[in-house]
1. In region B:175-187, is there at least one residue being within 11 Å of another protein chain (Cβ to nearest Cβ), free of Cβ contacts under 8 Å to residues at least 24 places away in the same chain and assigned to a helix (DSSP H, G or I)?
2. In region A:293-335, what residues are farther than 20 Å from residue A:178 by Cβ, in contact with a strand residue (DSSP E or B) (Cβ under 9 Å, 6 or more places away or on another chain) and outside any loop (DSSP other than H, G, I, E, B)?
3. Without any contact (Cβ under 8 Å) to a residue 60 or more places away in the chain, away from chain B (no Cβ under 14 Å) and closer than 30 Å to residue A:246 by Cα - does that describe any residue in region A:306-329?
4. From the list B:104, B:84, which one is assigned to a helix (DSSP H, G or I), closer than 15 Å to residue B:67 by Cα and more than 14 Å from every other protein chain (Cβ to nearest Cβ)?
5. So residue B:164 fits all but one of (1) under 23 Å from residue B:96 (Cα atoms); (2) in contact with a helix residue (DSSP H, G or I) (Cβ under 8 Å, 6 or more places away or on another chain); (3) in contact (Cβ under 8 Å) with a residue 12 or more places away in the chain; what number is the exception?
6. Looking only at region A:273-292, filter to residues that are more than 11 Å from chain B (Cβ to nearest Cβ) and surrounded by fewer than 22 Cβ atoms within 10 Å (Cβ to Cβ); which one of those is nearest to the chain's Cα centre (by Cα)?
7. List the strands (runs of 3 or more DSSP E) inside region A:192-279, counting only whole elements, that have at least 2 residues being in contact (Cβ under 8 Å) with a residue 60 or more places away in the chain.
8. Does residue B:51 fit the bill of being in a helix (DSSP H, G or I), in contact (Cβ under 8 Å) with a residue 40 or more places away in the chain and touching a helix residue (DSSP H, G or I) at 6+ places or on another chain (Cβ under 8 Å)?
């Protein structure tokens, strides 16, 4: 059996090219059906995310109907109504062991644009489940995708490559906010300004259950717009100190050239807060909050530089984990290929043994007919001697075949066996 | 077979569990969690059998001596540790709780008196009540101390913008503050009840003219001082809102632990009648449960 992957990813193609080839969840089913109608004996799984579109196929080595890169390109072009020449150079191909290694790396998030991002594992799992529900998977794709999910979990458990966040909002929330607050559904989030990063941070906070959002902006219309999007409240700029007194978590991203909250203005509302914990994400450049506020009791003030430093540290940590993660992928790929090859050689070994056993039994029958005076003990001894001889004769070639099974180049020897021993399917 | 269980069995198990906890700081492991539960659980089992065997062979309650009291306090702490570890397997509770467990076992092993408290029929119930409340209060103070240390460490890390250290995952500050407040309130309540029951017990002894403790005994006023501190700390946390947040509440629980240590230490350092009689410390000990001496001793029963 051979596994092949044809597709494009962020390494080989532009965002536009990937966008042209992408499949929506609703399109995956019909696409797999279309692929099956072209290649009825081929197993297929289609993985389509914003960073990659990959078609995994598995078929018999001697199956002339196995799709080539050209055929997959034609299929993709036809499905999306494109010219094959337009997309062919965006596609790349991995076959056999390379395809398996590639899938394992993808599932373990080692091939992602942001290495270690956790979504890809769920996307691989979803693609496999969708293909299974469309009945386009088979023994090999089942084996290779289940192995890929296992490898991804192993990489996640044995390395910290996907533990560390590398984007500023995710670091702010995962590494710091979650260590201050146990829950977010009862916390007041105050957004000052309406920057893109503030909105991205809100997205992470909303995932953790944050509901109570207040937006303050010099531009009241923009504040109202953002507040509406997050089902929050918009306050007038003049109410900044009131909002700050009630807030648990502040995300500030204004374009002000001077701090909008000075130490004095914070001291003025400090008593109203009863020293309740306050987490401030000052994502503005220059800073919106006087750095001295960070020294106040129970105030945890983080600037963009602090978060950037944390991101860099995490990125370096991930880089340190990379060789360990790749070693796991290599080890699992070798193991998987050995298992796959063992399956291929297993049937040959079985047939060789069966053929020799048959001949051995025929010869023994003939011999026992010629020597009718032999008692049971003598017959047993002769039978055991024949078996020993057969095993000794077969041992070296079968051992060589088993050894070859661990290597990718075992096909030649399997073929030689089939010819030498006249094995037929 | 139970007679063969010694201090070494469970303290070695807890020590191995602590070493496993320390390894969190250095490397990841898929089997460490299971090994931790195995060693801590195995230690707890041996600990339980040891206490049970002592209670059975001495025909008394589990809290019948100072040694038993410390061992039971350590036992409760291990139960708390196992509970937290099962529900928060990634959090390094053991680094903070297991040294305290080993400390209590160490006090039981080397300092606490193994001789049973005297038993009069009238005092037996009040002695048990006194001991149980003091035990629960002490465990709450010790848990509060561990949680307080975690809160101080977490607050320091967040204030200094340090990234979460691999292997030293701590609960959120909010959770730690909540646990600190609960530990303070619970310990004040339990130690208050323990103190009151101790007074009742002493009054009974006084009436029966047996083994009464002078009201000026250092153990009484040091316990009173501990209780006064806990009541003040609880009141402070209850009525002064800023005391419920951040490092303040952690300092309260750490200070409570210091008062507890002073209070418990006073019975060895100051001339007290509370734990006199029979043998003095350090005379038991790594011998199997069947060989533990069981002579009578003076003292008001129940707690140490």
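1. Residues of region B:175-187 within 11 Å of another protein chain (Cβ to nearest Cβ): B:175-179.
Next, only the ones that are free of Cβ contacts under 8 Å to residues at least 24 places away in the same chain stay: B:175, B:178.
With the extra rule that they be assigned to a helix (DSSP H, G or I), the set shrinks to B:175, B:178.
Yes, that holds for at least one residue.
2. Passing the criteria: A:293, A:295.
3. The answer is no; no qualifying residue exists.
4. Numbers: B:84 fails: closer than 15 Å to residue B:67 by Cα.
Among B:104, B:84, only B:104 is assigned to a helix (DSSP H, G or I), closer than 15 Å to residue B:67 by Cα and more than 14 Å from every other protein chain (Cβ to nearest Cβ).
5. Status for residue B:164: all satisfied but (3).
6. Here is the first cut: in region A:273-292, the residues more than 11 Å from chain B (Cβ to nearest Cβ) are A:280-292.
Then drop every residue that is not surrounded by fewer than 22 Cβ atoms within 10 Å (Cβ to Cβ), which leaves A:285-287, A:290-292.
Working: A:285: 35, A:286: 38, A:287: 38, A:290: 42, A:291: 40, A:292: 43 Å.
Of everything passing the filter in region A:273-292, A:285 is nearest to the chain's Cα centre (by Cα).
7. Values: elements: A:212-216, A:233-235, A:249-252.
Answer list for region A:192-279: A:249-252.
8. Working: in a helix (DSSP H, G or I): yes; in contact (Cβ under 8 Å) with a residue 40 or more places away in the chain: no; touching a helix residue (DSSP H, G or I) at 6+ places or on another chain (Cβ under 8 Å): yes.
When the stated conditions are applied, residue B:51 does not pass them.
The values are calculated or read from the model by the stated rules, or taken from the named source; none is laboratory data. Predicted model, so just to flag it, every value in this text is computed and none were measured. Every residue, glycine among them, receives a Cβ derived from its backbone with ideal geometry; neighbour counts consider all protein chains shown.
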